[in-house]
Amino acid sequence: YLIKRLLSTQSQTGLPLCKFLPVLVFCLWLEQYWTGFGNILEKLRICSMPRFVRFLHDRLSIKKNHEVVVTDLRFGTIPVRLFRPKAASSSLRRGILFYHGGGSLFGSLDSYHNVCSFLARETDSVLLSVGYRKAPEHHYPVALTDCLNASIHFLKTLEAYGVDPSRVVACGESIGGGAVALITQTLVGRRDLPQIRAQVLIYPLVQAINLQLPSFQQNQNVPFLSLQLMTTCVCSYLAIDLSWKGAMLKGACIPRDFWKKYRKWLSSDNLPKRFRSKDQQPETLAPFNEAAYLETKHILDVEHAALIAEDKIIAQLPEAFLVSCEVDMVRDDSLLYKKRLEDQGVRVTWYHVEDGFHGCLVLFDKKFFSFPCSLNIVNAVVSYVKGI
C-alpha cells in the first residue's frame with residue numbers, strides 16, 4: 001500500500017523521487033501507521049482513532065527552552081499556554097495569538113510547544129497558544145468559538161501580560177490558519193478591542209466547497225493531508241455522515257445559485273498559470289442533490305469558509321503573511337485567498353515553499369523527525385513578525 005501511495009504521489013506531483021523519497025516514505029509510514037492502528041483500536045472499542053493519534057503526537061519530544069517562561073492557564077474553560085521571554089524588557093512586547101493545526105481532530109498545546117517557544121524567543125514576543133476543543137467530541141463551531149473567546153480575553157487583558165496593543169499578530173497553521181482568517185474577519189469593526197496588526201496564515205484551510213481544484217487533484221495522496229483524511233476531518237467537525245463524502249467531492253451538494261455567486265472566488269480560473277496543469281480534470285458539478293445539501297450545508301457557511309467573505313469585510317483586514325506549500329492538497333486555497341486579499345487592497349507577503357508539505361510545521365525541532373522545510377517556514381515567519 002505504501003509503495004502504491006508513493007508512486008501515485010510522484011506521478012501526480014511530478015516531483016523528483018530521489019529528492020523527496022525520504023520525506024515521503026517517512027510521512028506515508030507515519031500517517032498509515034498512526035491512523036491505521038488508530039482505526040483498529042476504534043473498531044475494537046478501545047479508544048477512538050483521533051485520541052490514539054493525539055496520544056502519539058504528544059509523545060514527540062518537548063524541548064525545554066531556558067530563555068522562555070512557559071505558563072499553563074485557563075481562560076474560563078479554555079486551556080491556553082503562555083510563552084514569555086525570560087529577559088526583562090524596558091518596553092511593551094509584541095503579542096502573538098497562535099492557533100495550532102490538526103484538522104480539528106488532532107494537535108494540542110504539547111505538539112506545537114516547540115514551535116511556539118521558538119517563535120516567542122526569536123521574535124521577543126509574548127505568545128498565547130490556544131488549546132481549543134476538538135472533534136469528534138466537539139462539533140462545529142466549538143473549535144472556532146474557543147479560539148475567538150480566548151483571543152478576545154487576551155486582547156482585553158494585554159496590559160497584564162506586558163503586550164503592546166498596537167502590535168498583536170494572529171498566527172495559525174492549517175485549520176489554525178483558517179481560524180486566523182475567520183477570527184480577523186469576525187473582529188473587523190470591533191472598536192472595544194485592540195485591532196489585530198497582522199495575520200500569519202500557514203497553509204490555511206479557508207474552504208471545503210470546491211474539492212476539485214488542481215492541488216486537490218495533484219496532491220490527493222500526499223501526506224500528511226490526503227483527500228481521504230481531509231474529508232474525514234471535515235465530516236467529523238461538521239457532524240456530517242461519511243456516506244455523503246462522494247457528494248461533497250463531486251459538488252452535488254452545492255446549489256447552482258450559490259456556485260454562480262461564488263464561483264468567481266472558488267474557481268481555479270483565479271490561480272496563476274503555473275499552478276494550473278494542462279492534465280487537470282475540469283471542475284464540473286454533479287447534478288444537484290437536495291438531500292446531500294441538507295446534510296452538508298455547513299460547508300457553505302461563511303463562518304466555515306473564510307474565502308467567501310464579502311468584499312467589504314476582506315477590505316478591512318490587516319496585512320498578511322501567507323505560506324503555501326507546493327506538495328499540499330490545499331495549496332490552491334492559499335493562492336485563492338491571497339488573490340482575494342490583494343484584490344481588496346490588503347498587503348500580502350507570500351512565501352511559497354517548493355519542498356514543503358502539509359503539516360510539516362508540527363515536526364519542527366523534533367530531532368530526527370524534523371525537515372528543512374519546517375525550519376525554513378518558521379524562520380520566514382520570524383523575519384516577518386520581527387518587522388511588525
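No value in this document is a laboratory result; all are computed from the given coordinates. Since this is a predicted model, take the numbers as computed values, not measurements. Cβ atoms come from the backbone with ideal geometry, glycine included; neighbour counts cover every protein chain shown.
Filter the range 351-388 for residues that are over 22 Å from Asp110 (Cα atoms) and either touching a Phe, Trp or Tyr at 6+ places or on another chain (Cβ under 8 Å) or touching a residue at least 40 places away in the same chain (Cβ under 8 Å) (or both); which is surrounded by the fewest Cβ atoms within 10 Å (Cβ to Cβ)?
Of the range 351-388, the ones over 22 Å from Asp110 (Cα atoms) are 351-356, 380, 383-388.
With either touching a Phe, Trp or Tyr at 6+ places or on another chain (Cβ under 8 Å) or touching a residue at least 40 places away in the same chain (Cβ under 8 Å) (or both) added as a condition, the list becomes 351, 355-356, 380, 384-386, 388.
On the way: Tyr351: 19, Asp355: 16, Gly356: 26, Ala380: 17, Tyr384: 20, Val385: 23, Lys386: 12, Ile388: 20.
Ranking the qualifying residues of the range 351-388, first place goes to Lys386.
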Self-check item: Selected residue (only one of Tyr293, Tyr384 is in contact with a Pro (Cβ under 7 Å, 6 or more places away or on another chain) and farther than 19 Å from Gln185 by Cβ)
Solution: Tyr293
Quiz item: strands (runs of 3 or more DSSP E) wholly in the range 65-147 with at least 3 residues that are out of contact with any Leu (no Cβ under 7 Å at 6 or more places or on another chain) and not hydrophobic (A, V, I, L, M, F, W, C) - which ones?
Solution: 93-99
Self-check item: Ile209, sole failed condition from (1) free of Cβ contacts under 8 Å to residues at least 24 places away in the same chain; (2) outside any helix (DSSP H, G or I)
Solution: (1)
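Hey, any hits in the range 205-215 for a residue that's within 30 Å of Ser374 (Cα to Cα) and β-branched (Val, Ile, Thr)?
There is at least one residue in the range 205-215 that is within 30 Å of Ser374 (Cα to Cα) and β-branched (Val, Ile, Thr).
Would you confirm, using the coordinates I've provided, whether Pro194 is buried (at least 22 other Cβ atoms within 10 Å of the Cβ), part of a loop (DSSP other than H, G, I, E, B), on the phi < 0 side of the Ramachandran plot and not aliphatic (A, V, I, L, M)?
no
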Quiz prompt | Residue that is surrounded by the most Cβ atoms within 10 Å (Cβ to Cβ) [pool: residues in the range 90-111 that are under 23 Å from Gly387 (Cβ atoms) and in contact with a Phe, Trp or Tyr (Cβ under 9 Å, 6 or more places away or on another chain)] | solution = Tyr99
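Working only within the range 124-144, note down all residues that are over 28 Å from Tyr237 (Cα atoms) and buried (at least 23 other Cβ atoms within 10 Å of the Cβ).
Within the range 124-144, Ser125, Val126 qualify.
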Quiz item: Of the residues Val130, Val126, which single one is touching a Cys at 6+ places or on another chain (Cβ under 9 Å) and at negative phi?
Solution: Val130
Quiz item: Of all residues in the range 209-265 being surrounded by fewer than 17 Cβ atoms within 10 Å (Cβ to Cβ) and polar (S, T, N, Q), which is farthest from His352 (Cα to Cα)?
Solution: Ser243
Quiz item: Among the candidates Phe83, Phe118, Phe75, which residue alone is within 23 Å of Ile377 (Cα to Cα) and either out of contact with any strand residue (DSSP E or B) (no Cβ under 6 Å at 6 or more places or on another chain) or aliphatic (A, V, I, L, M) (or both)?
Solution: Phe118
Quiz item: Taking helices (runs of 4 or more DSSP H) that do not extend beyond the range 282-348, which have at least 2 residues that are within 19 Å of Ile183 (Cα to Cα) and charged (D, E, K, R)?
Solution: 311-314, 331-343
